[in-house]
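Undergrad: There's a structure below that I have some questions on.
All of the numbers you see were taken from the coordinates with simple rules; none came from a lab. Note that the structure is predicted; figures quoted are calculated from it, not measured. Cβ: placed from backbone, ideal geometry, glycine included. Neighbour counts: every protein chain shown.
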Amino acid sequence: MTRRPGPLRGAGSSAYPGRPRYPHPVTTPLPFAPPPGARAHRLRTARGAFAVVDMPVPDGVPERGVALLVPGFTGSKEDFGLMQGPLAARGYRTVAVDGRGQNESDGPADDESAYSRRELALDVLAQVAALEAGGPVHLLGHSLGGQITRSAVLLDHTPFRSFTLMASGPAQVSDGQQQRVKLLRDALAVMSMEEVWEAILAMGPPEEVGGPARGIGDLPQLRARFLNTRPAQLVATGRQLCTEPDRVAELAAVPLPFHVLSGVRDDAWPVPLLDEMAVRLRAHRTIVPAAEHSPNVDQPLPTARALADFWDSVS
């Protein structure tokens, strides 16, 4: 695997090098422990079972709604762990999910057709139907997850109360991110997942040399999450990131409240492009200070506050 300029910092995962990612170091052992009060389990749907972390509203807090949280490329449900407690305290049950073939959710290792955009969108609709939420659900998609959930909303918007696009733009990712995705796809064409991981480590920190961005957890946890993800899922969804068409006009015609949330900087979709998309959607717009492509990890408390404020406003 030849070093090339420009890291893959996970169009959809979390974190950037050069500054702390969390209020305190995360040192939980493998496997990931869910946040206090949450339950990790398999959500059984009409399209199979999906690994989730389900955070209920604590006793004594009025329930205000339910939200489904969908992660991005090389990411997982754990990327939302630092937000789930604060959102529960505001009255929102949150269910963070591993998509098909992503981390702890099953999926074929080699069949890319199983990861077509339509198939993944249908999975989201099945997940919402299985939540037994008692009403429409707030939907959030991060980066690649934003594109998948957008497709779900365009197939059927009726299960949703609102839709938040977090660090997820109108069409394909930036040229730099496309190069990083191609680096990973090229490596997966000739190497096993274990060989790719070892090659990444030999070149430097994973987030700097084409591997998954650092998320919540230590290096062994990130390795386990990477190796759990199916190669076909990475190849198929990476291709989607690089070819996604602009569907903002279609989405703007859907009768839902929209929210575009990002950090102050984003190398997958430039912030001015996200600003423009918010105008086209007539969406509520949030820019989280001191956050980049993963506000959910960079600044979980302000991000949770912004989400709860938006959900309160449309509930």
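Undergrad: Read phi for every residue in the stretch 73-80 and hand back ³J(HN,Hα) as whole Hz from Karplus 6.51 cos²θ - 1.76 cosθ + 1.60, θ = phi - 60°, with x for Gly and Pro.
TA: Result, ordered by residue: 4, 6, x, 6, 4, 5, 4, 9 Hz.
Undergrad: Give me 162, 192 sorted ascending by neighbouring Cβ count inside 10 Å, so fewest comes first. Write out the running numbers ahead of the final one.
TA: On the way: 162 23, 192 12.
Taking fewest neighbouring Cβ atoms as first place, the list is 192, 162.
Undergrad: In whole Hz, what ³J(HN,Hα) sequence does the stretch 93-110 give by Karplus (6.51, -1.76, 1.60; θ = phi - 60°), x for Gly and Pro?
TA: Karplus values, whole Hz, x for Gly and Pro: 6, 10, 10, 9, 10, 8, x, 3, x, 10, 6, 8, 8, 5, x, x, 6, 10.
Undergrad: Out of 261, 115, 169, whose Cα points farthest toward the positive end of the dipole of the chain (charges: +1 Lys, Arg; -1 Asp, Glu; placed on Cβ)?
TA: 261
Undergrad: At residue 171 and residue 110, where each label point lies 7 Å from the Cα along Cα→Cβ, what is the point-to-point distance in nanometres?
TA: 3.6 nm
Undergrad: Another question, then. Between residue 195 and residue 158, what is 0.36 nm times their sequence separation minus the Cα-Cα distance? Round to one decimal in nm. Numbers along the way, then the final one.
TA: Details: separation 37, 0.36 × 37 = 13.32 nm, distance 4.38 nm.
Contour length minus the Cα-Cα distance gives 8.9 nm.
Undergrad: When a/c reaches 1.5 or more, the comparison of a/b and b/c decides; with that in mind, is the stretch 39-314 rounded, prolate or oblate per its Cα gyration tensor? Walk me through the numbers on the way to the answer.
TA: On the way: a/c = 1.45, a/b = 1.32, b/c = 1.09.
It is rounded, given that a/c, with a ≥ b ≥ c, falls under 1.5.
Undergrad: Still on this structure, please answer the following. Scan around residue 92 for amide H atoms under 5 Å from its own, H built in the peptide plane at 1.01 Å from N, and keep only partners 5 or more places away or cross-chain.
TA: 64
Undergrad: With everything on Cα atoms, drop me the angle between helix 175-190 and the longest principal axis of the chain, reported from 0 to 90° to the nearest 10.
TA: 60 degrees
Undergrad: Shifting gears a bit: Go ahead and run the numbers for FRET between residue 249 and residue 290, Cβ-Cβ distance against an R0 of 35 Å, rounding to 0.05. Don't skip to the end; give the middle numbers.
TA: Working: r = 33 Å, r/R0 = 0.94.
The pair residue 249/residue 290 has a calculated efficiency of 0.60.
Undergrad: Show me the ranking of peptides 59-71, 146-158 by mean Cβ neighbours inside 10 Å, starting with the highest.
TA: Put in order of decreasing packing, that is 146-158, 59-71.
Undergrad: Still on this structure, I have one more. Give me the dipole magnitude in Debye, nearest 20, for the stretch 43-98 about the Cα centre, with unit charges on the beta carbon: positive for Lys and Arg, negative for Asp and Glu.
TA: 180 debye
Undergrad: Please list 3J(HN,Hα) in residue order for the stretch 121-134, calculated via the Karplus relation 6.51 cos²θ - 1.76 cosθ + 1.60 where θ = phi - 60°; whole Hz, with x for glycine and proline.
TA: Calculated HN-Hα couplings, in order: 5, 5, 4, 4, 5, 5, 4, 4, 4, 7, 6, 6, 7, x Hz.
Undergrad: Also, I was wondering about something else. Relative contact order of the stretch 39-314, please, whole-number percent, based on alpha carbon pairs below 8 angstrom and at least 6 residues apart.
TA: 21 percent
Undergrad: Would you calculate, for the chain, the mean residue ellipticity at 222 nm contributed by helices, counting each DSSP H stretch of 4 or more residues as -39,500 (n - 2.57) and dividing by all residues, to the nearest 500?
TA: Result for the chain, helices only: -11500 deg cm²/dmol.
Undergrad: Of 240, 71, 157, which is farthest towards the positive pole of the chain's charge dipole, taken about the Cα centre with +1 and -1 on the beta-carbons of Lys, Arg and Asp, Glu respectively?
TA: 157
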